[in-house]
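The next block holds one structure in the form of structure tokens; read it before the comments.
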Amino acid sequence: MSRISNAFSSFFGILFGGELPSSVAAAYGYVKAKDVKPAPPPPPPAPVARPADGALQLLGILQRDARLIDFLMEDIAAYSDDQVGAAVRPLHEHSRAALAKYVRFGPVIDGVEGTVAKASAAGGAQGVKFVGNVPAGPPPKEGTLRHRGWKAQSIELPQVGGKQDLTIVAPAEIEIE
């Protein structure tokens, strides 16, 4: 008998009230639409840092501050050595300043070039490259230091916005007249 009374309650509730009575909805496991809260949208995925991101960001900084990529991509064969030299001086100055702003460099081997240095001072096989008359077999223990090497002691690149496309190293420039 309860099904018949629920049917009448439903009919008259919808006819006069515009909705299913809550007692009928509860009896059959239905929830009224106004009682249902929409699920919150899922949070956006966290940006995933790729290994190349820092390199692309640094290239972008060197392009922005020194126009390095413009210079490297230019065919300089038609220019005289004096013209190339004149272009390189400000490029060097601006590139050096940009690097110094974001990266602190130090020597791999802190020694005097031209003196004997131990390979172990480099801190591992990746820190030294043997040049000259290198014997076959195991690497030598020491030799004459020709270049102290460089290692990044600290890198402090600016934060990147989540939607920034780092593959755009330098945006196109359009002049409006």
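The values are calculated or read from the model by the stated rules, or taken from the named source; none is laboratory data. Note that the structure is a prediction, hence the values are computed from the model and not measured. Cβ: placed from backbone, ideal geometry, glycine included. Neighbour counts: every protein chain shown.
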Do we find that D110 is acidic (D, E) and in contact (Cβ under 8 Å) with a residue 60 or more places away in the chain in this structure?
no
Please work out which residue is nearest to S2 (Cα to Cα), limiting yourself to segment 20-30 and to residues that are surrounded by 13 or more Cβ atoms within 10 Å (Cβ to Cβ) and not small (G, A, S).
V24
Determine the pairs where a residue that is on the phi > 0 side of the Ramachandran plot, located within segment 133-152, has a partner that is of a type in the set (V, I, T) and part of a loop (DSSP other than H, G, I, E, B) with Cβ atoms under 7 Å apart, the partner being 6 or more residues away or on another chain.
G149/V108; G149/I109
Count of residues meeting criterion [without any contact (Cβ under 8 Å) to a residue 40 or more places away in the chain, within 16 Å of E156 (Cβ to Cβ) and out of contact with any Leu (no Cβ under 6 Å at 6 or more places or on another chain)] in segment 54-98:
3
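For every residue, the table says whether it meets (1) under 28 Å from the mean Cα position of the chain (by Cα); (2) at pLDDT 90 or above.
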site: F130; (1), (2): no, yes
site: P140; (1), (2): no, no
site: R148; (1), (2): no, yes
site: S154; (1), (2): yes, yes
site: P158; (1), (2): yes, no
site: G162; (1), (2): yes, no
site: D165; (1), (2): yes, no
site: E177; (1), (2): no, yes
Sole exception among (1) hydroxyl-bearing (S, T, Y); (2) free of Cβ contacts under 8 Å to residues at least 40 places away in the same chain; (3) out of contact with any strand residue (DSSP E or B) (no Cβ under 8 Å at 6 or more places or on another chain) for T167, by number
(2)
Does A66 fit the bill of being within 21 Å of D165 (Cα to Cα), surrounded by 12 or more Cβ atoms within 10 Å (Cβ to Cβ) and among the hydrophobic types (A, V, I, L, M, F, W, C)?
yes
Please enumerate the residues belonging to segment 112-133 that are of a type outside the set (A, V, I, L, M, F, W, C) and surrounded by 11 or more Cβ atoms within 10 Å (Cβ to Cβ).
E113, K118, S120, G123, G127, K129
Scan segment 127-174 for residues that are in a loop (DSSP other than H, G, I, E, B) and over 30 Å from D53 (Cβ atoms) and report the count.
14
